[in-house]
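A.B. asks: Questions regarding the structure given below will be posed in turn.
The values are calculated or read from the model by the stated rules, or taken from the named source; none is laboratory data. Given the structure is predicted, the values throughout are model-derived calculations rather than measurements. Methodologically, a virtual Cβ is constructed for each residue, glycine included, from the backbone with ideal geometry; neighbour enumeration extends over all protein chains shown.
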Ligand SMILES: [Zn+2]
């Protein structure tokens, strides 16, 4: 074990983690509870509980649209986009898929009412440290 750091490049839009969180209500138990009732008469569980879901998957290995923490120690800011590879790679091919990535990112933003356009899509270098 020891200190290690690595960087990789992400293309996308920078935003807060809150913008990909969504709170949904779901039934707490399996009993048939009428919607006006706050608690289940059979087991006493609240009728509905709030659940936070993420609109995107987080995975550094995943191909395709994902989200990435800009600062892994302060998980408030993210980039929604595509991982392009480690920072020592050759990125000369990236321009050929830029319009595809733009399209995917902007479509996701439209679908989820995020106020981003092509001009917000940028390249970010993310550095991760581990001890
Ligand atoms: Zn119940």
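A.B. asks: Can you confirm whether the stretch 23-35 contains a residue that is more than 16 Å from the ligand (Cβ to nearest atom), touching a strand residue (DSSP E or B) at 6+ places or on another chain (Cβ under 7 Å) and closer than 23 Å to residue 106 by Cβ?
C.D. replies: Taking every residue of the stretch 23-35 in turn, none turns out to be more than 16 Å from the ligand (Cβ to nearest atom), touching a strand residue (DSSP E or B) at 6+ places or on another chain (Cβ under 7 Å) and closer than 23 Å to residue 106 by Cβ.
A.B. asks: Yes or no: residue 109 in contact with a helix residue (DSSP H, G or I) (Cβ under 6 Å, 6 or more places away or on another chain) and either modelled with pLDDT of 95 or more or loosely packed, with under 11 Cβ neighbours inside 10 Å (or both)?
C.D. replies: no
A.B. asks: From (1) closer than 30 Å to residue 2 by Cβ; (2) in contact (Cβ under 8 Å) with a residue 24 or more places away in the chain; (3) in contact with a strand residue (DSSP E or B) (Cβ under 6 Å, 6 or more places away or on another chain), pick out the condition that doesn't hold for residue 52.
C.D. replies: Only one criterion is unmet by residue 52, namely (1).
A.B. asks: Continuing with this model, one more query. Tell me which residues, restricted to the stretch 17-53, are part of a strand (DSSP E or B) and exposed (fewer than 10 other Cβ atoms within 10 Å of the Cβ). Spell out how you get there, then give the answer.
C.D. replies: The initial filter retains those residues of the stretch 17-53 that are part of a strand (DSSP E or B), namely 21-27, 39, 46, 48-53.
Hits for the stretch 17-53 are 23, 26, 50, 52.
A.B. asks: Which numbered condition in (1) in a loop (DSSP other than H, G, I, E, B); (2) surrounded by 14 or more Cβ atoms within 10 Å (Cβ to Cβ); (3) free of Cβ contacts under 8 Å to residues at least 60 places away in the same chain is the only one that residue 116 fails?
C.D. replies: Residue 116 satisfies every listed condition except (3).
A.B. asks: Can you tell me which residue is nearest to residue 23 (Cα to Cα) among those in the stretch 57-93 that are part of a loop (DSSP other than H, G, I, E, B) and at pLDDT 90 or above? So that I can check it myself, show each step before the final result.
C.D. replies: Let us first name the residues in the stretch 57-93 that are part of a loop (DSSP other than H, G, I, E, B), namely 57-65, 70-76, 87-93.
Still in the running and at pLDDT 90 or above: 65, 76.
On the way: 65: 21, 76: 17 Å.
Of everything passing the filter in the stretch 57-93, 76 is nearest to residue 23 (Cα to Cα).
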